[in-house]
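Quick note: the coordinates plus some simple rules give every number you see, no bench work behind them. Here the structure is a predicted model, which is why all the values come from computation and not from measurement. All Cβ positions, even for glycine, are placed from backbone atoms using ideal geometry, and neighbour counts span all protein chains on display.
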Amino acid sequence: MKNTGLSAAATLLSCLLLSACTVGPDYVRPTPLEKTPAAYKELEGWKVAQPQDARIQKGWWKIYHDPLLDSLAEQVAVSNQNVAQVEAQYRQARAMTQGARAGYFPTVAVAPSASRTKSSANLGSSKNGGATTSTFQLPLDATWEPDLWGRIRRTVESSEANAQASSADLAAVTLSAQAEMVNDYLQLRIVDAQKQLLSDTVEMYRKSLEITRNRYSSGIAAKTDVLQAETLLKSTEAQLVDSGVQRAQLEHAIAVLLGKSPSSFSLSPVKMIAAVPEVPTGVPSELLERRADIAMAERKMAAANAQIGVAEAARYPTIQLSAMGGLSSSALSTLFNWPSRVWSLGAGASANLFDGGLRKAQSEQAVAAYDASVAAYRETVLTAFQEVEDNLAALRILGEESTLQDQAVQAARQSAALTINQYAAGTVAYLNVLVAQTTALANERTALGISGRKLTASVLLFKALGGGWDQQMLK
């Protein structure tokens, strides 16, 4: 009879495993848009993009040819605390995936016990009343829930997709922190150039003030010329001092991005301004495949799709198999004897007959969450196209503006030089010098501002493209 029972149980288990299925829809990646543009408006030669974040290029900031910048940018991935936080969340997501996979296997537990009991002497006519007995047990329990409807498989699928999304999030946060640090560094160098410009201008204005004083001492110029020259000098010196505020704030921001205290970090001024890299006209739109935020949104869709299967599986009966085997004896000396063995096999099933529509609502909730993730994915793709378009347009327009502004700077410099010579010769009033010098300084500061905006646009373009481009892809 025992053999017959075991055979029947084994046959039932085999049938259950063979008939197992996975409920819920299999994941199919939706199209990013109803109609994806074949090319960018601001740049020809681009093709339709699909997320492929694994192709992110490392060290994109090296195109600015600044060794110090290279060193700082590499530290961001190691020391930035936002990156460290997301990295820990990624490890957490991987651990959750391992936990979900544990559902495939049975749970086995051992619970040894020993007890000594004295019974009451007033238990009726029992001959053993008041006796003391010992019990020693060494049981081994195992329980297992067959994944008949794919609930565990869908849970693992969802956890794996979430872990992949977390990995993409780590890449996105790292890129964002690096782009912010690179931009802050480049803007700090623009401020250094502005400070140098103001410092040179102060020296020039001091010479102009000396000229006006000499002319005033000779009785050639009025006192107002001296006062105007002093006013221009002092206001420019004030601008020079004020530029230190922005530089200090940028330096502090870089320190925090590097995971350092602002008080322990400093950057020496330099006169070099990084050149704005040229965008190759043949850059293909497949570079958008490297955007980690698109990959993250796509993986979240896969996770949400798997949750539909989890919700659907909850509507089906669950079966749990259990087994127990071990040793039990009233004496420790006989615990490991063959007659001390005990065992049991069991199976249980549970099905929900009425839940007030709870599981139906949970399924609808999972479907709605998936639809929301699809919309979020498509919005991410649209935003990616917008960011590339914005910064391509910015580089193109700022390039044209920079050319015109450089011409204005040259003209303003010549005008200021000629006017100061004319004033020294006594042919023009000092007001002409004041206007010419103020105009020249304003145009030079505007030119530096345009250079800073171009550098910012180039950094944002690298970020929008997922970290730059690989020159081998353009051949």
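Quick notes on this structure:
- Shape call, the stretch 322-475: gyration tensor on alpha carbons, a/c limit 1.5: prolate
- For V428, distant residues with modelled amide H under 5 Å away: Y423
- Hz values of 3J(HN,Hα) by residue in the stretch 224-231 - Karplus curve (6.51, -1.76, 1.60), Gly and Pro given as x: 4, 4, 5, 5, 5, 5, 5, 4
- Spin-label model, N214/Q422: points 7 Å from Cα along the beta carbon direction are separated by 2.1 nm.
- The stretch 318-475, relative contact order in percent, only Cα pairs under 8 angstrom and at least six apart counted: 20 percent
- Over the stretch 216-375 - Rg/Rh using Cα atoms and the Kirkwood inverse-distance radius: 1.45
- Overall shape: prolate for the stretch 93-190, with the ratio a/c of the largest to smallest alpha carbon gyration tensor axis at 1.5 or above and a/b above b/c.
- Contour excess over end-to-end distance, with Cα ends at A131 and L353 and 0.36 nm allotted per residue: 74.9 nm
- Exposure proxy for H65, H252: other Cβ atoms within 10 Å of each Cβ, ordered fewest to most, give H65, H252.
- Sequence of D70, D225 once ranked by neighbouring C-beta atoms within 10 Å, starting from the fewest: D70, D225
- Charge tally in the Cβ shell below 12 Å around E401, where Lys, Arg are +1 and Asp, Glu are -1, E401 excluded: +1
- ³J(HN,Hα) computed for each position of the stretch 74-90 - Karplus, 6.51 cos²θ - 1.76 cosθ + 1.60, integer Hz, glycine/proline x: 5, 6, 4, 5, 9, 10, 5, 6, 5, 5, 4, 5, 5, 5, 5, 5, 5
- Amide H contacts of V342 (H built 1.01 Å from N, in plane; Pro and chain starts excluded): G326, L327, S328 sit under 5 Å, all sequence-distant by 5 or more or on other chains.
- Under the simplified labelling scheme, the Q246-A442 pair shows an inter-label distance of 1.7 nm, with each label point 7 Å from Cα along Cα→Cβ.
- Coupling constants for the stretch 215-221 follow from the phi torsions by the Karplus curve (6.51 cos²θ - 1.76 cosθ + 1.60, θ = phi - 60°), and in residue order they are 5, 5, 5, 7, x, 8, 10 Hz; glycine and proline get x.
- Cα centroid separation, the stretch 305-364 to the stretch 127-175: 12 Å.
- Cβ-defined net charge surrounding A95, 14 Å radius [Lys, Arg +1; Asp, Glu -1]: +1
- Note on R206/L227: beta-carbon distance plugged into 1/(1 + (r/R0)^6) with R0 of 22 Å gives a FRET efficiency of 0.90.
- Between E401 and E237, the C-beta separation translates, for a Förster distance of 35 Å, into a calculated FRET efficiency of about 0.75.
- Whole-percent pair-distance distribution, where bins are 5 Å wide, for the alpha carbons of the stretch 226-272: 5, 19, 18, 16, 13, 10, 8, 6, 4, 1, 0
- Pair F336, Q414: separation of 7 Å Cα→Cβ label points (nm): 10.5 nm
- Eligible aspartates and glutamates near K58 by straight Cα distance, threshold 13 Å, same-chain separation 8 or greater: D70, E74, D470
- Ranked by how many other Cβ atoms sit within 10 Å of their own Cβ, fewest first, the residues F336, F105 fall in the order F105, F336.
- Estimated FRET transfer efficiency (K260, D390; beta-carbon r; R0 25 Å; 0.05): 0.20
- Cross-link table K195/K454; K62/K260; K195/K463; K260/K454, entries beyond 21 Å C-alpha to C-alpha: K62/K260; K195/K463; K260/K454
- The length gained by stretching the chain between A102 and C21 to full extension, at 0.36 nm per residue less their Cα-Cα distance, is 27.3 nm.
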